[in-house]
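Q: The structure follows.
Derivation of every value follows stated rules applied to the coordinates shown; laboratory data play no part. Because the structure is predicted, anything quoted here is derived from the model rather than measured. In this analysis, Cβ positions are derived from the backbone assuming ideal geometry, glycine residues included, and neighbour counts consider all displayed protein chains.
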Amino acid sequence: MIFPALTRVSRLVVATIVGIAPFSALADQKRVAIVYSETSKQGYWDDFAYYQAYMAAQYQCAMAGVPYDLLDEDDLTSAANLAPYDVLVAPLF
């Protein structure tokens with residue numbers, strides 16, 4: 001596993017991302033990626049619940065004015081794919 005600490009991201013991290021002001025210099029400079037994980041989705045009690053968490057992370061970034069990219073599990077296998085990002089968000093309740 002490349003980044004074991006990134007397998008779970010709490011609401012606190014998502015709240016921190018939302019706390020970045022939309023027009024701040026920080027929001028313009030930081031790169032955020034939201035990770036879609038089929039493996040994590042299978043661990044949820046319902047597929048819809050995982051989709052909601054995944055979409056909520058996207059919504060929170062969008063409402064905070066933080067640009068983001070969407071990654072999947074295949075993108076996590078290479079450090080070169082992750083190098084451009086300052087923050088990885090893995091949706092979790």
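Q: Where in region 64-93 is the amide nitrogen less than 16 Å from a point lying 7 Å along the Cα-to-Cβ axis of Lys41?
A: Backbone N within reach: 70-76, 90-93.
Q: Hey, can you grab everything whose amide H is under 5 Å from the amide H of Val89? Only 5+ residues off in sequence or another chain; H modelled, so Pro and N-termini drop out.
A: Amide H neighbours of Val89, under 5 Å, 5+ apart: Ala33, Ile34, Val35.
Q: Let me ask you something else. Could I get the Rg over Rh figure for region 34-93? Both from C-alpha atoms, Rh via Kirkwood, rounded to two places.
A: Numbers: Rg = 11.9 Å, Rh = 12.2 Å.
A ratio of 0.98.
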